[in-house]
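Here is the structure we will look at.
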Amino acid sequence: MPGFPLTVASQLSCLHQGPTMIGATQTAVTILGQLVATAASPIGVIVCPFAPSGTPQPCLTVQWNLTSVKVTVQGQPLMLMPPAGPAPGTCLGAPGPQGIPVMKFSQTKVSVT
């Protein structure tokens, strides 16, 4: 499936609007001056406000579920955002899966499969 590679500048949030940060695990390839994200790149949720009944149960990480089948960087496939549809990932917290992430911004100049 074709998609747009994520970079460290891609902006996601958890389902509860907590911003995220994509960690750089490689320094060899950039798109528009930003390091590309690979399957090894962690996505951490900075601050998730989810607190049902006043008990904090924040999202902690995002597990990304779409990677390139043809393009790798240092042996790791690129994380991809599909051209249409919801973000292909899962927000995870201590109690387990908590919904899908929301894509706020990602580059759309380079597309790969």
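Only the coordinates and a few stated rules stand behind these numbers; no lab work does. Quantities reported herein were computed from a predicted structural model and do not represent experimental measurements. Cβ sites come from the backbone with ideal geometry, for glycine too, and all protein chains shown count toward neighbours.
For this structure, a couple of remarks:
- Inter-probe distance in nm under a simple model that places probes 7 Å from Cα toward Cβ, at Gln63 and Gln26: 2.3
- Amide H contacts of Lys104 (H built 1.01 Å from N, under 5 Å, at least 5 apart or other chain): Gln11, Leu12, Ser13
- Extension gain for the segment Val71 to Ser53, taken as residue separation times 0.36 nm less the Cα-Cα distance, is 2.0 nm to one decimal.
- Residue-by-residue Karplus 3J(HN,Hα) for the stretch 35-51, coefficients 6.51, -1.76, 1.60, Hz, glycine and proline x: 4, 6, 8, 10, 4, 7, 6, x, 10, x, 8, 6, 9, 9, x, 5, 8
- Backbone geometry of the stretch 96-113 corresponds, through the Karplus equation with coefficients 6.51, -1.76 and 1.60 at θ = phi - 60°, to 3J(HN,Hα) couplings of x, x, 10, x, 9, x, 10, 7, 9, 7, 7, 5, 10, 8, 10, 10, 9, 10 Hz, x marking Gly and Pro.
- Around the amide H of Thr7, modelled in the peptide plane, lie the amide H atoms of Ala37, Gln107, all under 5 Å away and 5 or more residues distant in sequence or on another chain.
- Averaging the Cα positions of each part gives two centres, and for the stretch 81-113 and the stretch 28-47 these lie 13 Å apart.
- Under a 5 Å amide H cut-off, with hydrogens placed 1.01 Å from N, Thr67 pairs with Leu80 among residues at least 5 apart or on other chains.
- Most tightly packed first, judged by the mean number of other beta-carbon atoms within 10 Å of their residues, the peptides 102-108, 1-7 read 1-7, 102-108.
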